[in-house]
1. Just checking, how many residues over the stretch 134-192 are within 16 Å of ligand 1 (Cβ to nearest atom) and in contact (Cβ under 8 Å) with a residue 24 or more places away in the chain?
2. Can Ile79 be described as in the same structural domain as Pro126 (by TED's automatic domain parsing), within 11 Å of the chain's Cα centre (by Cα) and farther than 27 Å from Ser128 by Cβ?
3. In contact (Cβ under 8 Å) with a residue 12 or more places away in the chain, among the polar types (S, T, N, Q), under 25 Å from His158 (Cα atoms) and surrounded by fewer than 23 Cβ atoms within 10 Å (Cβ to Cβ), is that true of Gln45?
4. Do we have any residue at all in the stretch 116-124 that's loosely packed, with under 11 Cβ neighbours inside 10 Å and on the phi > 0 side of the Ramachandran plot?
5. Being under 27 Å from Val47 (Cβ atoms) and crowded, with 17+ Cβ neighbours inside 10 Å is true for just one of Val182, Val101, Val139. Which residue is that?
6. Which one is farthest from Gly44 (Cα to Cα), of the residues in the stretch 167-179 that are surrounded by fewer than 10 Cβ atoms within 10 Å (Cβ to Cβ) and away from ligand 2 (no atom under 11 Å from the Cβ)?
7. Please state which of the following conditions Cys197 fails to meet, knowing it meets all the rest: (1) surrounded by 13 or more Cβ atoms within 10 Å (Cβ to Cβ); (2) outside any helix (DSSP H, G or I).
8. Of everything in the stretch 185-194 that's more than 10 Å from ligand 2 (Cβ to nearest atom) and more than 24 Å from Gly76 (Cα to Cα), which residue is surrounded by the most Cβ atoms within 10 Å (Cβ to Cβ)?
Amino acid sequence: MVNPKEWLEFGQKFHGHKCPAMPMGLRVGAAAMNKLGVERAKDGQLVAFIEIGDGHCATCFADGIQVITGATFGKGNGIKTHVGKWGVTLVDKTTNRAVRVAPKGSMMAKSKSSIFFTEYRQKGIPASQVPDEIVDSLVENVMNAKDEDALIIGEIFHYEYHEDPHTFNTAICEKCGEMHVVKYGAKVNGKQYCHSCAKELIPNL
Ligand SMILES: [Zn+2]
Ligand SMILES: [Zn+2]
């Protein structure tokens, strides 16, 4: 069983500031892992479909998911689905099982109506400049809420995740000398170029 509290300090260090959304990611991620009975993904054993989009509040949530599950944007097994919600479907590739966990709307609303948001974040004050006495209680609320008060934990379902194997096919661009992934570049007059250099030769590439 993974305990989200054991990841809070590391999560805040990685994330950069204290806020309630990153810890909510720890809670959701931990609940999904514990439901599936899986360990943190050292490689790509788990895939997390994270329903957030871009440019909206509480996207910090995704950092909590990445920290606790090890399904990260860097490894490619943390994937945004751009739905504008905070649900996460965690897939265990080794057993083809998945579960969706989401924070309860009431729990998110509680954080959102707090003065952390109304007096600071919505007025453009960065989270790192919000006094500890304001944000600490919010973090504690998220970390200490019972699963049944904070989370919607779905049932396990069968899910086969198919992906193309990662390509190792890279080349040095004949113009800029930088390494690039061949499928993103182009061959022009027998020479291999990266995407940016090929675009100079073939503008509508
Ligand atoms: Zn944050
Ligand atoms: Zn180039």
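1. Of all residues in the stretch 134-192, those within 16 Å of ligand 1 (Cβ to nearest atom) come to 134-143.
Adding the requirement that they be in contact (Cβ under 8 Å) with a residue 24 or more places away in the chain leaves 135-136, 138-139, 141-143.
The qualifying residues number 7.
2. On the way: in the same structural domain as Pro126 (by TED's automatic domain parsing): yes; within 11 Å of the chain's Cα centre (by Cα): yes; farther than 27 Å from Ser128 by Cβ: yes.
The answer is yes for Ile79.
3. Numbers: in contact (Cβ under 8 Å) with a residue 12 or more places away in the chain: yes; among the polar types (S, T, N, Q): yes; under 25 Å from His158 (Cα atoms): yes; surrounded by fewer than 23 Cβ atoms within 10 Å (Cβ to Cβ): yes.
Considered against the rule, which asks whether it is in contact (Cβ under 8 Å) with a residue 12 or more places away in the chain, among the polar types (S, T, N, Q), under 25 Å from His158 (Cα atoms) and surrounded by fewer than 23 Cβ atoms within 10 Å (Cβ to Cβ), Gln45 comes out as yes.
4. From the stretch 116-124, those loosely packed, with under 11 Cβ neighbours inside 10 Å are 123-124; that's our starting set.
Filter once more, so that each one left must be on the phi > 0 side of the Ramachandran plot: 124.
There is at least one residue in the stretch 116-124 that is loosely packed, with under 11 Cβ neighbours inside 10 Å and on the phi > 0 side of the Ramachandran plot.
5. Numbers: Val182 fails: crowded, with 17+ Cβ neighbours inside 10 Å; Val139 fails: under 27 Å from Val47 (Cβ atoms).
Of the residues listed, the single one that is under 27 Å from Val47 (Cβ atoms) and crowded, with 17+ Cβ neighbours inside 10 Å is Val101.
6. Step by step, filter the stretch 167-179, then rank; the result is Asn169.
7. Of (1) surrounded by 13 or more Cβ atoms within 10 Å (Cβ to Cβ); (2) outside any helix (DSSP H, G or I), only one is false for Cys197: (2).
8. Looking only at the stretch 185-194, we keep the residues that are more than 10 Å from ligand 2 (Cβ to nearest atom), and these are 186-191.
Add one more test, that the residue is more than 24 Å from Gly76 (Cα to Cα), and what stays is 187-191.
Details: Lys187: 12, Val188: 16, Asn189: 7, Gly190: 6, Lys191: 13.
By that ranking, first place goes to Val188.
The values are calculated or read from the model by the stated rules, or taken from the named source; none is laboratory data. Remember, predicted model here, so these are calculated numbers, not experimental data. Backbone-built Cβ (ideal geometry, glycine too); neighbour counts: all protein chains shown.
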